[in-house]
Amino acid sequence: MDGLRRHKSMFLLPGLLTLVLIIIFPLLFTIRVSFSGWNVSNPQMDFVGGANYVKMLHDSRFWASILRLGLLAGGTVLIQYVIGFGVALLVWRDLRGRRFWRVLFLIPMMTTPVVMAAIWQTIFHESLGPVNDLLGRLGLSPVHWLTGSGPALAALMTVEVWQWTPFMFLLLLAGLLSLPKEPFMAAAIDGAGVWRTFRKVTFPLMAPVSVSAIIIRLIEASKLSDSVYVLTSGGPGSSTESPGYYLYIRGLKEQQTGYGGALSLTYLVLMIVTLTVVAALLAKAFKVKGNA
Amino acid sequence: MSRLYATFKYTVIAIWACFVAGPFMWAMTTSFKDANGVQGGATYIPWLQYKPTVTGWHNIFGGAGGVDVVHPFVNSAVITVAASAISLVLGSLAAYGLSRYRFKAGFIKNSDIVFFFVSQRIMPPVVLVVPFFYLLQSVNLLDSIPGLVIVTVALLLPIAVWVMVDFFNGIPREIDEMAMLDGCSPFEAFVRAILPNSLPGLTVAAMFCAVFGWNDFFFAFRLTFTEVQTLPQAVVALNSSIPPWWTLSAAALFGISPLVLLAVWVERYLSKGNLSGAVR
C-alpha cells in the first residue's frame with residue numbers, strides 16, 4: 001500500500017507541483033499588490049486598503065472593455081461555430097481533394113496571431129490595402145477600417161474569425177470523424193434527407209463536442225489582447241480595447257502595478273464566473289448530461 | 001446527392017478557401033514588392049501589375065539595412081522545443097497517474113485535479129506577466145531563454161495534461177496489468193508498455209504545445225528585451241516602425257512556415273481518427 005501511494009505521487013506530483021509553483025506566486029502577488037498603491041513613482045508594497053477597487057468601480061473604460069469583450073467573444077465564437085461546423089460537414093465525407101481542403105482550412109489556427117495581425121493591418125490599410133481596393137472595384141466607397149470605431153471592431157472580428165474558425169473546425173471535424181456509423185445507416189434506410197439527417201442524427205450526436213468546442217474557444221477568446229495590440233492598439237480612442245489590452249496599458253505601460261492588480265483579479269474572477277455560468281447554460285441548451 | 005447540393009457545397013468551399021488563403025496570398029505577393037510596388041495602391045499580380053524584386057527576402061536574410069530574423073527564429077525554436085518537451089514529460093506522467101490511480105485529499109478528487117490543470121488556460125498572460133517579471137528578476141532569469149521556457153511551461157502543461165488524460169483513459173488497463181504481472185514496476189510498465197502505445201496521443205499533444213509555444217508573444221514581449229528576441233517579437237517590431245511591407249511580409253511568411261508544415265501533420269492524424277479523444 002505504501003509502495004502504491006509512492007508510485008501514485010511519483011506520476012502526479014512533478015507536474016502538479018511545477019504548475020502550482022509557477023502559478024501560485026503570481027496569484028498571491030496579484031492579490032497582495034491589488035491592495036497597495038504601487039505605481040511608477042511609488043514602487044513599493046504599501047497598504048492602501050480597497051482604494052484600487054473603489055477606483056475601479058468608477059472606471060467606465062474598464063467596464064466598457066468588459067462589455068465589449070462579452071460582445072466580441074460571444075459574437076465571434078458564435079460565427080466561428082456556425083462556419084466551422086458548416087465547413088467541417090462539407091469536408092467530412094465524399095469530396096474531391098478533401099485532404100487538401102482540410103489542410104488549408106487548418107492553417108490559420110497554426111499561424112502566429114500577432115504576425116498575422118500585422119499582415120491584416122496592411123490588408124485593411126485605407127489607401128494601399130486590398131480590401132478597400134476590392135470595394136472600390138465594386139463601386140463602393142472606401143471604409144476607414146482602422147480609424148473608424150465601428151469598422152475597426154468589424155476588422156478585429158474578421159481577424160478573430162479568420163484565425164480561430166479553423167480551431168472550431170478542427171475540433172468539430174475530429175468529432176464528426178469519430179461518430180458511429182449505425183445511426184446514419186438507420187437514417188438512410190428511413191429515407192431521411194440531408195437536412196433531416198443533420199437535425200435528427202448529426203446535430204444531437206455532436207452536442208457534447210459542440211459544447212466543449214464552444215467553451216474552449218470562449219476561454220481562449222476571453223484572453224483577447226495580442227491581436228488588439230497589433231491591429232488597432234485599442235483605437236480609435238478606446239473603441240476596440242479588450243480588458244486584456246486595457247490591463248496592459250494601466251498595469252504595464254503606465255506601471256500602475258497596484259491598480260493593475262485590482263483590475264487583473266476582477267477580470268479573472270469575472271471571466272471564471274461568466275464562463276462557468278455559460279458552460280452550464282450551454283450544456284443545458286444542448287441537452288448534454290454531466291459536465292463538459 | 002442532388003446536383004444542386006453539390007454545386008452549393010463546392011461554392012461554399014471555394015468562397016471559404018479564398019478567405020482563408022487570402023492573407024497568405026497577399027503576404028506572398030507583397031513580399032516581392034518594393035516601395036514602388038506598394039505605394040501605387042493595392043496590386044496583386046507580379047510582372048503584370050508591378051515589377052517583382054527580392055528586396056524583402058534579401059532584407060531578412062542578412063541584406064544591408066535588413067533585420068535579423070534568423071536568430072529570433074532559432075530562439076523561438078529552442079524555447080518551443082524545450083518548453084514542449086518539459087510539458088510533455090511532466091504532463092504525460094501526471095495524466096497517466098490521474099488516469100490510473102485514485103487520488104483523494106479532502107473533497108479534492110481526480111476530476112478536480114484535472115480541472116485544476118486545464119483551468120490554468122483561463123489565466124490571461126497579462127495577469128501573470130507582472131508577477132513573472134519580479135519572479136524572474138529575483139532569480140536573474142529575465143531576458144534569458146531558461147526564464148522564458150519556465151513561463152511557457154505554465155502555458156503548455158495544461159494542454160499536455162488535457163490531451164493525455166483522455167488518451168490514457170482510452171488505453172485498456174490490461175496492458176499495464178500484463179506488464180506488471182511480467183515483473184515490471186509501475187514506472188517500468190508506464191515506460192515500456194504504455195508510452196510505445198501512446199505515440200498518436202503524444203504527437204497530438206506535441207503539436208498543440210508547439211503551436212501555442214511558438215505563437216506566444218506576450219511573455220516574450222514583456223520578459224525579454226535585448227538578449228533574447230523571439231520571432232513574433234521580431235515581426236511585430238517590424239510592424240511598429242514605419243512599415244516596409246515587403247520585409248514585414250517576407251518575415252511573416254518565414255515565421256509561420258514551420259507551422260504550415262505542422263498543419264499537414266495535424267491533418268494526417270485527423271484522418272486516422274487520433275484527434276477524436278482530445279475533444280471529449
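Here are the numbers for this structure:
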item	result
Failed item, numbered, when B:Tyr101 is tested on (1) within 13 Å of chain A (Cβ to nearest Cβ); (2) in contact (Cβ under 8 Å) with a residue 24 or more places away in the chain; (3) closer than 30 Å to A:His7 by Cα	(2)
Filter result (out of contact with any Asp or Glu (no Cβ under 9 Å at 6 or more places or on another chain) and within 17 Å of A:Thr30 (Cα to Cα)) within region A:260-292	A:Gly261, A:Ala262, A:Ser264, A:Leu265, A:Thr266, A:Tyr267, A:Leu268, A:Val269, A:Leu270, A:Met271, A:Ile272
Failed condition for A:Trp101, given (1) of a type outside the set (Val, Ile, Thr); (2) out of contact with any Ser or Thr (no Cβ under 8 Å at 6 or more places or on another chain); (3) crowded, with 22+ Cβ neighbours inside 10 Å	(3)
Failed criterion for B:Arg3 (all others in (1) within 9 Å of chain A (Cβ to nearest Cβ); (2) closer than 30 Å to A:Asp94 by Cα; (3) at pLDDT below 90 hold)	(1)
Residues located in region A:115-167, provided they are modelled with pLDDT under 90 and among the polar types (S, T, N, Q)	A:Ser127, A:Ser141, A:Thr147, A:Ser149
Residue check for A:Ile189: free of Cβ contacts under 8 Å to residues at least 40 places away in the same chain and within 13 Å of B:Pro23 (Cβ to Cβ)	no
Residue in region B:11-34 that is among the hydroxyl-bearing types (Ser, Thr, Tyr), away from every other protein chain (no Cβ under 13 Å) and not in a loop (DSSP other than H, G, I, E, B) present	no
First in region B:121-146 and farther than 17 Å from A:Pro43 by Cα and more than 9 Å from chain A (Cβ to nearest Cβ), second anywhere and in a loop (DSSP other than H, G, I, E, B) and of a type in the set (Phe, Trp, Tyr), Cβ under 8 Å, 6 or more apart	B:Leu142/B:Phe225; B:Asp143/B:Phe225
Residue satisfying condition, being more than 20 Å from B:Val204 (Cα to Cα) and crowded, with 23+ Cβ neighbours inside 10 Å, within set B:Leu135, B:Leu128, B:Leu156, B:Leu181	B:Leu128
Matching option when the condition is of a type outside the set (A, V, I, L, M, F, W, C) and modelled with pLDDT under 90, among A:Ser41, A:Ser65, A:Ser34	A:Ser41
Filtered residues of region B:185-199 (kept if touching a Phe, Trp or Tyr at 6+ places or on another chain (Cβ under 8 Å) and away from chain A (no Cβ under 12 Å))	B:Ser198
Candidates B:Asp182, B:Asp166, filtered to the one that is farther than 27 Å from B:Ala77 by Cβ, without any contact (Cβ under 8 Å) to a residue 12 or more places away in the chain and over 17 Å from the mean Cα position of the chain (by Cα)	B:Asp182
Some residue of region B:156-168 being more than 10 Å from every other protein chain (Cβ to nearest Cβ) and among the small types (Gly, Ala, Ser)	no
Given (1) without any contact (Cβ under 8 Å) to a residue 60 or more places away in the chain; (2) polar (S, T, N, Q); (3) closer than 30 Å to A:Trp164 by Cβ, index of the condition A:Ser9 fails	(3)
Cβ pairs under 7 Å, 6+ apart, first in region A:200-211 and charged (D, E, K, R), second at pLDDT below 90	A:Lys200/A:Ala187; A:Lys200/A:Ala192
Every residue from region A:141-192 that is exposed (fewer than 14 other Cβ atoms within 10 Å of the Cβ) and in contact with a helix residue (DSSP H, G or I) (Cβ under 9 Å, 6 or more places away or on another chain)	A:Ser141, A:Pro142, A:Pro180, A:Ala186, A:Ala188, A:Asp190
Which numbered condition B:Val114 fails, given (1) hydrophobic (A, V, I, L, M, F, W, C); (2) at pLDDT 90 or above; (3) within 16 Å of B:Asp166 (Cα to Cα)	(2)
From the options B:Gly41, B:Gly37, residue that is part of a helix (DSSP H, G or I), at pLDDT below 90 and farther than 29 Å from A:Glu220 by Cβ	B:Gly37
Unique residue being surrounded by fewer than 21 Cβ atoms within 10 Å (Cβ to Cβ) and touching a Ser or Thr at 6+ places or on another chain (Cβ under 7 Å) when the list is A:Val82, A:Val48, A:Val33	A:Val48
Candidate set from region B:79-108 (those that are of a type in the set (Gly, Ala, Ser) and in contact with a Phe, Trp or Tyr (Cβ under 6 Å, 6 or more places away or on another chain)); member that is nearest to B:Thr203 (Cα to Cα)	B:Ala95
A:Ile66 being surrounded by fewer than 15 Cβ atoms within 10 Å (Cβ to Cβ) and touching a residue at least 24 places away in the same chain (Cβ under 8 Å)	no
Residue that is surrounded by the most Cβ atoms within 10 Å (Cβ to Cβ), among those in region A:210-231 that are farther than 14 Å from A:Lys284 by Cα and among the β-branched types (Val, Ile, Thr)	A:Val228
Helices (runs of 4 or more DSSP H) (entirely within region A:1-100) containing at least 2 residues that are over 30 Å from the mean Cα position of the chain (by Cα) and more than 8 Å from chain B (Cβ to nearest Cβ)	A:2-33
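The values are calculated or read from the model by the stated rules, or taken from the named source; none is laboratory data. Because the structure is predicted, anything quoted here is derived from the model rather than measured. No Cβ is skipped: glycine too gets one built from the backbone with ideal geometry, and neighbour counts run over all protein chains shown.
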